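All remarks here apply to the structure that follows.
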Amino acid sequence: MKNHLGKKALNTTKNYNMILPDEKIVLAVSGGPDSIALLYLMNELRDELKCSFHIAHLDHKLRGSESDEDVRFVADQASKLDMPITIESLDVKNMITPKESLESGARRIRYDFYERVMFQTHANKVAQGHTADDQVETVIMRFLRGSGSQGLSAIPPIRGNKYIRPLIEISRNEIEEYLQEINVTPRRDSSNLSTEYERNRIRHELLPLLEEKYSPNIKNILQQTADILREDDSFLTELSQKVADDCVEQKDTRHIIIHIPIFRDQHLAMQRRILRLAIESLLGNLLRYDFRHIRDLIDLVNGDSSGKSIGLPRGIVAEKSYDSLILRLGDDIRGQTADYSYLIKVPGRTDIPELGLSIITKLEQTNSLEYSKNRFEKTFDYDGISGDLKIRNRKNGDRFQPLGMSGSKKIKDIFINQKIPKLERNNIPILVDGNNILWLIGYQIDERVKVTTKTKTKLSVTVSFGGSPIS
């Protein structure tokens, strides 16, 4: 091995178990100092790591002729090292959405590119050139924005088991010395010198001031802080996920319902984490969410009014309804499932795509009074049923005779008594024969079709879920 930096990078990959033998690694190479150092260091370590590499370069078309030169330079390096390469040129500025900044939009497009290259080359991971200095700058940026421990833990050495940072413990000064040593001149992005950007102001103004006036060792201190907070955050995230599982009543890709009494029993720190996990599960990340949004949700939970709702970034609406906090995404905010009506096969299976569930029916010749304790599995006196069986959603004026009652009752009143959130009422399917309601699924059956000792044929109805909003 040529130098101490190779040993340092190798130790990082081994300490974090970044690369396994025979894996193929995509190297994200922009042409700048960090990515070129990554390229050459990984090439030096290829035999020891027992892996193969593929270079990926995305031309963002943001810097005119400079971008063209970057493409040529990276292609030359690939040829020099006899390494395969994928290059794409995309007009990033015109691809970002109106709600995205140039920085966040470019990042999204860049990661989409990495995912494509991984798929096309059958690679296992993407290696990026983030350094210890990037780590320190990120800690300061997030501190200034008011981040908690998760944000202040900054750039993880491994993200999502796919994105690895072999240079995360190597400083920018070490990178520059290494490039001089191997006699490689990288590309320089002129925008990195502009103090128009927050990261550049921290890099060129704030950090030198902190080093000169307060602590010459500030970078090492902040990096250690990030390491400590990362481990703490990992432990607390695992713990909060277990607690969140107890708090969540219902969950799918469009909405989450949190049981408020259990949620209120948690420590405030755990409450904040549960809410962050809920938002992240709906959106995939926490972009545009900060402390005040979580505070507003906790205020909503602790308020006296049921039925109150608030709007949150990126299309989430939160409503407090009785003992439930409902987080709902996008055009699903009113909880209105499209009207549906399905003829039920007897016996057989009927799928209800609007709700992601299936109805399974069986007929049995028996007068047994045994019944299931599962609220999604009920038995009926088949001889008391007239007409075709159907599943539909509720209609205005619906009423039936709940089991054990002598008179009929409005479905609306049952919903209110059961404290079923308004947003969920249209999602509850109803089993009918003609115009008669037999079962408010998940809740009550009709008195008139209960199984008795006189029952000759018993109808068993089971609801099978596959991503259903009811649980």
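The values are calculated or read from the model by the stated rules, or taken from the named source; none is laboratory data. Given the structure is predicted, the values throughout are model-derived calculations rather than measurements. Ideal geometry is used to build each Cβ from the backbone, glycine not excepted, and the neighbour counts take in all protein chains shown.
Brief remarks on what is shown
- Residue tally, condition more than 25 Å from Ser386 (Cβ to Cβ) and modelled with pLDDT under 75, over the range 421-471: 14
- Residue in the range 285-301 that is exposed (fewer than 14 other Cβ atoms within 10 Å of the Cβ), over 21 Å from Gly146 (Cα atoms) and either free of Cβ contacts under 8 Å to residues at least 40 places away in the same chain or not assigned by TED's automatic domain parsing to the domain that holds Leu102 (or both) present: no
- Identity of the residue in the range 90-128, of a type in the set (S, T, N, Q) and modelled with pLDDT of 95 or more, that ends up surrounded by the most Cβ atoms within 10 Å (Cβ to Cβ): Gln128
- Hits in the range 119-150 - residues which are touching a strand residue (DSSP E or B) at 6+ places or on another chain (Cβ under 9 Å), of a type outside the set (Val, Ile, Thr) and farther than 17 Å from Pro166 by Cβ: Gln120, His122
- Matching residues in the range 129-181 - criterion: being under 19 Å from Leu10 (Cβ atoms), touching a Lys or Arg at 6+ places or on another chain (Cβ under 8 Å) and of a type in the set (A, V, I, L, M): Ala132, Ile158, Ile164, Ile170
- Subset tally (residues that are closer than 17 Å to Arg187 by Cα and surrounded by 14 or more Cβ atoms within 10 Å (Cβ to Cβ)) for the range 47-80: 18
- Boolean, Leu282 is modelled with pLDDT of 90 or more and buried (at least 19 other Cβ atoms within 10 Å of the Cβ): no
- The helices (runs of 4 or more DSSP H) found entirely in the range 158-214 that carry 2 or more residues being at pLDDT 95 or above and surrounded by 14 or more Cβ atoms within 10 Å (Cβ to Cβ) are 172-181, 207-213.
The rows are residues; the columns are (1) among the hydroxyl-bearing types (Ser, Thr, Tyr); (2) touching a residue at least 12 places away in the same chain (Cβ under 8 Å).
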{"residue": "Gly160", "(1), (2)": "no, no"}
{"residue": "Ile164", "(1), (2)": "no, yes"}
{"residue": "Leu167", "(1), (2)": "no, yes"}
{"residue": "Gln180", "(1), (2)": "no, no"}
{"residue": "Pro216", "(1), (2)": "no, no"}
{"residue": "Leu222", "(1), (2)": "no, yes"}
{"residue": "Ser240", "(1), (2)": "yes, yes"}
{"residue": "Ala244", "(1), (2)": "no, yes"}
{"residue": "Ile260", "(1), (2)": "no, yes"}
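- Qualifying residue in the range 139-153 (condition: assigned by TED's automatic domain parsing to the domain that holds Lys80, over 18 Å from Asp233 (Cβ atoms) and surrounded by fewer than 21 Cβ atoms within 10 Å (Cβ to Cβ)): yes
- Tallying residues that are surrounded by 14 or more Cβ atoms within 10 Å (Cβ to Cβ) and either among the basic types (Lys, Arg) or part of a helix (DSSP H, G or I) (or both) within the range 235-275 yields 17.
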